[in-house]
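The values are calculated or read from the model by the stated rules, or taken from the named source; none is laboratory data. Just so it is clear, the structure is predicted and the values come from calculations on it, not from any experiment. As a convention, Cβ positions derive from the backbone with ideal geometry for all residues, glycine included, and neighbour counts pool all protein chains shown. Ligands, DNA and RNA are stripped out before the accessible areas are found, and what is left, the full protein with its side chains, is counted by its heavy atoms. Shrake-Rupley method; radii C 1.70, N 1.55, O 1.52, S 1.80 Å.
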Amino acid sequence: MPRAPRSRPVVWRVLAAAALLGAVATLTGCTGAAPGTASATPAALPDGITASVLQSRTDVVDGRLVVQIDNGTGSELAFASFDVAAPGLEPGLHFDGPRTIPDGTSVQYRMDLTPARCEGDAGPAEVTLTVDPEGGGTAVGTIEAEDPYDTLPRLQNFGCLTAAVERVAAFTLADRLRSTGSGVDRRAWLDIAVEPTGAASGSLDLEQVLGTTLLSAEDGLNWSTTTAHIEAGDQPSTISLPVRPARCDPHAGAEDKRGTILPLVMTTSEGWSGQYEVRAAASLKQDLFTYFTERCGLPSS
């Protein structure tokens, strides 16, 4: 009697291996978490956390945004970091901790501003917090920040106006103060160089120059009659402003943060309008303080 073929055991071994691989694939295709294992999804933020955005005068000069976080959770709040997103600002507003906020306390944190976005709304801002709860783990959540002083619209308008103006022309205060005479009879002028960019299009209207806490027009507070229409293709020019001290206070220069920043009231052909700022160099600041001392008859330091 002929012997049976020996290939059948091989077939069974192949079928068994295939079945085993199928079972493994079925197991590995599941969620992967064993029964009873805790989920890795972060918990929600505890109730009682609020936030707001603002700037002090110093923060305006330094180009920083202030985020205030209020802890009304009923316990100490520890966070690892937070991010701020606003439609009128480019991404990248991030603050690294860790920090701890006692219950019932509001704490302000500062971060460097990102450039403005000129399409769409300025706000609202959203703050995404990563919190370390007392019971362990991580809680992540997003809260909408209040804007009690309309900081976001102001930042967007300032950034977009600045960019629109500088596409038309550069405005630069001279490094030194121009003056005649001496003592209380001394008179001086601030010279602003206007250098159009030479772009194919674009224009702006200078409506007036505003006085500051330190600087005033010779005949009033503002240089209200200083106006100009400037095209990107114009020739360079100079704006001269007769200047006097806004106040004869010996401590004014040391205490003031924005007195040598001139606000030029502008409207651009792109539709942005407001105050474009021109800043004095250190050499001009020194000249101005010397001039104020002399013009006001104050003792020199």
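A single member of ALA199, ALA193 is hydrophobic (A, V, I, L, M, F, W, C), over 30 Å from THR293 (Cβ atoms) and modelled with pLDDT of 95 or more, and it is ALA199. Note on the range 45-80: residues that are of a type in the set (Asp, Glu) and under 26 Å from PRO263 (Cβ atoms) total 2. Flag: LEU113 matches the condition of being buried (at least 17 other Cβ atoms within 10 Å of the Cβ), closer than 20 Å to ILE261 by Cβ, at pLDDT 95 or above and under 20 Å from the mean Cα position of the chain (by Cα).
Restricting the range 232-280 to residues that are outside any strand (DSSP E or B), modelled with pLDDT of 95 or more and aliphatic (A, V, I, L, M) leaves a set whose member that is surrounded by the fewest Cβ atoms within 10 Å (Cβ to Cβ) is ALA232.
Could you count how many residues in the range 64-95 are open to solvent by 30 Å² or more (accessible area, probe 1.4 Å) and either within 15 Å of PRO46 (Cβ to Cβ) or at pLDDT below 95 (or both)? It would help to see each step written out before you state the result.
We begin by selecting, within the range 64-95, every residue open to solvent by 30 Å² or more (accessible area, probe 1.4 Å); these are 64, 68, 70, 72-76, 80, 83, 85, 87, 90-92, 94.
Next, from what is left, pick out any that are either within 15 Å of PRO46 (Cβ to Cβ) or at pLDDT below 95 (or both): 70, 72-76, 80.
Adding up the residues that qualify gives 7.
Looking for something more than 19 Å from ALA139 (Cβ to Cβ), of a type in the set (Phe, Trp, Tyr) and either crowded, with 16+ Cβ neighbours inside 10 Å or at pLDDT below 50 (or both) - is there at least one such residue anywhere in the range 8-21? Scanning the range 8-21 turns up at least one residue that is more than 19 Å from ALA139 (Cβ to Cβ), of a type in the set (Phe, Trp, Tyr) and either crowded, with 16+ Cβ neighbours inside 10 Å or at pLDDT below 50 (or both).
Hey, could you check the range 41-55 for residues that are in a loop (DSSP other than H, G, I, E, B) and modelled with pLDDT under 95 and say which is least open to solvent (accessible area, probe 1.4 Å)? Residue satisfying both the conditions and the ranking: LEU45.
Based on this model, can you work out whether LEU152 counts as within 30 Å of THR197 (Cα to Cα) and modelled with pLDDT of 95 or more? Here the answer is yes, as LEU152 does meet what is asked. On the stretch given as the range 182-231, residues that are closer than 30 Å to PRO250 by Cα, among the small types (Gly, Ala, Ser), open to solvent by less than 60 Å² (accessible area, probe 1.4 Å) and part of a loop (DSSP other than H, G, I, E, B) total 1. Where strands (runs of 3 or more DSSP E) fall wholly inside the range 85-166, the ranges with 3 or more residues that are in contact with a Phe, Trp or Tyr (Cβ under 7 Å, 6 or more places away or on another chain) are 93-101, 125-131. Looking only at the range 281-297, residues that are open to solvent by less than 50 Å² (accessible area, probe 1.4 Å) and either assigned to a loop (DSSP other than H, G, I, E, B) or not basic (Lys, Arg) (or both) come to 9 in all.
Filtered by the rule that a residue be touching a Cys at 6+ places or on another chain (Cβ under 9 Å) and not charged (D, E, K, R), the range 218-267 gives PRO245, CYS248, PRO250.
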